[in-house]
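Structure first, commentary second.
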Amino acid sequence: MNRTHLLTTMAVFIALGTVTAQLLWFPAGVARAYPVQHAINVLAGVLLGPGPAVIIAFMISLLRNMLGLGTLLAFPGGMVGAFLAGYLYKKSGKTGWAIVGEGLGSGVIGALLSVPFAYIFMGTSAGAFAFMPAFLVSSIPGAIIGWFIVSKVMRNKSILLSTEQKN
């Protein structure tokens, strides 16, 4: 995949993640659940790899916060999930591991990283497992949506022509 195509694809994912943040979210405890973010993490992780997936998750989190559509908790949750989705897919070649990576990364590790993050940047003190239910409620359905879309994309050869060139 050439650099222009990679950057364009990343920009489309960032735009989708930012626009859908205004349309498709629901309250989940102290956080807001954005399942489309987690679907994008799976898509980006599988199609582009862990590095671009992390950059996409960071940019979506940044834009959502700049637009007042999200909280600072989007950073640790989204970025860890995007990395693990891409990394586990890259190592295994199986989309199922991308879903596990997203769920584990955002739902568990991202939730645990949010505890000190929330204390330092938001002045909120919470227990070690305070964020986990909310993060899991968002990341698991989002990862499943991402898996569904990836399975359809993998069947469409015209979409895959450019992504296969990177391998």
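Values quoted throughout were computed directly from the atomic coordinates according to the rules given, and no laboratory measurement underlies them. Because the structure is predicted, anything quoted here is derived from the model rather than measured. So basically every Cβ, Gly included, is an ideal-geometry build from the backbone, and we count neighbours across all protein chains shown.
Using Cα atoms only, what is the angle between the long axis of helix 74-92 and the major principal axis of the chain, expressed in degrees (0 to 90) to the nearest 10? Helix 74-92 sits roughly 40 degrees off the main axis of the chain. Cα-based count: Lys pairs in the chain below 16 Å, eight or more positions apart or different chains? So the count works out to 4.
Between PHE26 and SER92, full extension at 0.36 nm per residue minus the direct alpha carbon distance yields a gain of 20.5 nm. Less than 5 angstrom separates the built amide H of ALA33 from those of PHE26, ALA28, all sequence-distant by 5 or more or on a different chain.
From the helices alone, meaning DSSP H stretches of at least four residues, give me the mean residue ellipticity at 222 nm for the chain, per-run term -39500 (n - 2.57), in deg cm²/dmol to the nearest 500. Can you show the working numbers first?
Details: 8 runs with 122 residues, N = 167.
Taking each H run of at least 4 residues, the total per residue is -24000 deg cm²/dmol.
Judged by the mean number of other Cβ atoms found within 10 Å, the most tightly packed of the peptides 114-124, 35-45 leads the ranking 35-45, 114-124.
Would you mind estimating how fast the chain diffuses translationally, via Stokes-Einstein at 4 °C and 1.567 mPa s with the Kirkwood radius over Cα pairs, in µm²/s? Could you put the intermediate results ahead of the total?
Numbers: Rh = 15.5 Å.
Value of D from the Cα-based Kirkwood radius: 84 µm²/s.
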